[in-house]
Structures are given as C-alpha cells and as structure tokens.
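Everything below concerns the one structure shown next.
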Amino acid sequence: MRVARLHAPGPVSSAPLRIEDLTTPQPGPGELLLQVSACGVCRTDLQLAEGDIRATRLPLIPGHQAVGRVVALGSGVGGWAAGDRAGVAWLGSACGSCEFCAAGLENLCESAAFTGWHRDGGFAEYLTVDADFALGLPDAFEDLSAAPLLCGGVIGYRALNVSGIAPGGRLGLFGFGASATLAIQVALHWGCEVFVATRSEREQARARALGATWAGGYDEPPPARLDAAVTFAPAGAVVIAALKAIRPGGTVAINAIHLDRIPEFDYDLLWRERSLRSVANFTRADATEFLALAAAIPIRTEFEVHALTSANVALHRLAAGHVSGAAVLSVTS
C-alpha cells in the first residue's frame with residue numbers, strides 16, 4: 001500500500017513525509033481494516049511533522065480524519081460488516097475502566113491511544129482501527145466532505161460545550177481555520193451572535209460571509225462584550241485577547257493541543273470569576289452527537305483536495321495559511 005510516513009520531524013520546506021510502499025496491515029482481534037478514501041490534514045499533523053508535538057514513535061503515519069470502507073474484520077468484531085463506511089478520528093482507544101472512562105471522560109484516559117500519534121493514521125491506502133472506536137457516518141456527507149468533520153468539527157463542538165455558550169449568547173471565535181469554520185455553523189444554528197478575530201483579512205471576509213456579526217483583528221476589541229470565547233490559534237497571546245473580550249463569569253475555551261506560551265497578564269483580566277479551560281480531545285459521545293447535528297443543520301464543509309502523494313504540499317499550504325477551510329487527501333477513488 002502507498003503511504004505518507006514521517007521518519008524524522010523537520011520544517012515543511014524539507015518535505016518531512018516520505019511517500020513509501022508498505023505491506024498492507026491485517027486487522028488484529030477487535031479491529032477493522034479500512035480501505036481509506038479520504039483523510040483530512042490537521043494542524044496537529046503539521047505540528048507532529050515539524051516537531052512541535054513530539055511523536056510517540058517513529059516512523060509514523062499521520063492522519064486522524066480518515067473515511068473508508070471496511071474490507072476485513074478481526075476476530076471478535078460485531079456490529080460491522082465488509083463494505084460498511086466508517087470514520088476514524090483522533091481518539092483511537094481508551095481503557096474503559098479507569099476513573100475517567102467510568103465518568104464519561106474517556107478523552108482524559110491516561111491509557112488512551114490516538115490515531116496518527118500512537119497508532120498509524122490515515123495518510124495511507126489502508127488503515128486498521130479499533131472497531132469500538134470507528135464511527136458511523138451520515139449519508140448526507142460524501143467521503144471528502146465528511147473527513148473535516150472528524151477532527152475540526154468534533155473538537156470544535158466539544159470546545160463550544162466547554163465554553164458554556166448558551167443558545168442566543170454572544171460568542172467569540174479567535175482564529176478562523178478549519179475547526180472554527182464548522183463551529184460557527186453550529187453556533188449560528190443555536191441562534192448565537194458570533195464575533196470572529198483573525199489576523200487574515202481574507203478569513204475575516206469569509207467569517208462575515210458565513211454569518212458572523214463582526215470580524216476583525218486580534219488587536220481590535222469586539223463591539224460587544226462576549227459571553228464566551230473559543231481560541232483556535234496556537235498562540236498564547238490570542239488567549240489573552242479572548243480573555244480581555246469576555247464578560248465577568250465568562251469562559252475562554254482553549255482549543256489547542258500545543259500552545260507556544262501564555263504571556264504574563266494582569267490578574268484583573270481573570271478576576272470576577274472569568275475562567276480559562278483547555279479542551280483535550282473528545283469522546284465518542286461528542287462525535288456521535290456532532291455528526292448527527294452536522295447532518296441535521298446541515299453543516300457545509302469547505303476544503304481543497306490533494307493527492308496522497310502531495311501530502312507535503314498540503315502541510316506546506318497549511319503552514320503558510322493558504323488553506324481556505326480544510327485540506328483533504330484523496331487517497332483512493
């Protein structure tokens with residue numbers, strides 16, 4: 001099978017992913033083997049490729065927004081059949097028995113494994129997945145349009161819930177990439193006023209076109225005090241901008257697996273019961289709820305398509321800020 005594999009991190013200008021031919025894996029007990037048709041390219045893939053996030057092992061196949069068809073089942077698998085369409089997302093497995101799993105917080109399980117980080121991901125023609133963590137996908141979405149839902153969409157949905165935004169509230173989105181493009185559609189469906197901050201004038205215009213009440217730069221205060229905010233940019237200074245914009249009692253949810261640093265700030269910004277919350281991964285319940293909601297709204301995904309052999313190009317465009325919406329690899333026809 002053809003794959004795009006990381007052997008050592010490096011700048012995207014050095015094309016850190018190698019296009020290789022490997023033996024097709026076989027599903028182990030409790031696993032499915034999928035023939036991958038599409039896989040989204042996430043900023044986390046970029047951070048792994050460049051070394052901002054340390055790989056758990058090398059070589060490694062990135063990619064955690066994969067859509068494919070079941071071609072083989074390992075022993076003990078129930079509920080799936082050959083030919084079924086399935087999605088594979090970031091959460092690859094969890095222990096199911098620790099205090100976090102028992103409390104419905106499998107995203108915090110200390111034994112969790114993540115697709116494209118602990119186990120090989122979807123930048124490949126075939127992929128094995130724990131059958132209990134494979135996701136059914138709504139028929140409303142074709143494979144290429146479904147892929148961006150599986151990370152940016154689901155984690156954006158969890159971030160909205162963590163922020164505590166209520167229907168009809170004033171929400172700030174700080175950064176406007178693939179995840180925020182989907183989150184704004186959920187927030188508008190909930191009747192929220194959405195205020196978008198991003199340094200890109202092109203993204204500001206896109207936010208307004210999608211229904212944002214206001215869009216401006218990070219250094220521009222929104223014209224109304226926000227009830228809640230979600231930050232998507234991996235920069236701590238953006239967290240401070242969001243904190244300045246929320247009302248007393250409001251929450252800033254930080255939607256990032258990696259942040260450069262949070263600069264020192266005056267305690268008055270946090271005082272009066274403002275909160276900072278990090279968003280760590282998501283649960284299968286989050287994914288199930290979001291995918292059903294995405295089909296009901298329906299959410300429209302924006303993406304550009306690259307061949308698997310052009311995975312480095314997709315990463316380079318993502319790093320340069322040239323991707324409008326999401327980048328998706330078209331793996332097999």
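A few points about this structure:
- Meets criteria (in a helix (DSSP H, G or I), touching a residue at least 24 places away in the same chain (Cβ under 8 Å) and under 22 Å from the mean Cα position of the chain (by Cα)) for Leu173: no
- Residue in region 107-128 that is over 18 Å from the mean Cα position of the chain (by Cα), at pLDDT 95 or above, in the same structural domain as Ala242 (by TED's automatic domain parsing) and buried (at least 21 other Cβ atoms within 10 Å of the Cβ) present: no
- The number of residues in region 277-315 being surrounded by fewer than 17 Cβ atoms within 10 Å (Cβ to Cβ) and in contact (Cβ under 8 Å) with a residue 24 or more places away in the chain comes to 15.
- Residue check for Arg202: buried (at least 16 other Cβ atoms within 10 Å of the Cβ) and of a type in the set (Lys, Arg): no
- The residue list Ser163, Ser93, Ser97 contains one member that is farther than 14 Å from Cys42 by Cβ and out of contact with any strand residue (DSSP E or B) (no Cβ under 9 Å at 6 or more places or on another chain), which is Ser97.
- Neighbours by Cβ (under 8 Å, 6+ apart or cross-chain): first from region 1-29, loosely packed, with under 12 Cβ neighbours inside 10 Å; second in a strand (DSSP E or B) and among the aliphatic types (A, V, I, L, M): Asp21/Val3; Gln26/Leu33; Gln26/Ala72
- Ile184 meets each of the listed conditions (1) in a loop (DSSP other than H, G, I, E, B); (2) buried (at least 16 other Cβ atoms within 10 Å of the Cβ); (3) not aromatic (Phe, Trp, Tyr) apart from (1).
- Flag if Leu144 is assigned to a helix (DSSP H, G or I), surrounded by fewer than 24 Cβ atoms within 10 Å (Cβ to Cβ), among the aliphatic types (A, V, I, L, M) and more than 18 Å from the chain's Cα centre (by Cα): no
- Here region 93-141 is the region considered, the condition is being free of Cβ contacts under 8 Å to residues at least 40 places away in the same chain and part of a strand (DSSP E or B), and the residue that is farthest from Leu33 (Cα to Cα) is Ala113.
- Unmet criterion (only one of (1) closer than 22 Å to Leu150 by Cα; (2) modelled with pLDDT of 95 or more) for Gly28: (1)
- In the condition set (1) of a type outside the set (Lys, Arg); (2) buried (at least 22 other Cβ atoms within 10 Å of the Cβ); (3) over 27 Å from Val305 (Cα atoms), Glu193 is compliant with all but (2).
The values are calculated or read from the model by the stated rules, or taken from the named source; none is laboratory data. A quick note: this is a predicted structure, and the numbers were derived from the prediction, not measured. Cβ: placed from backbone, ideal geometry, glycine included. Neighbour counts: every protein chain shown.
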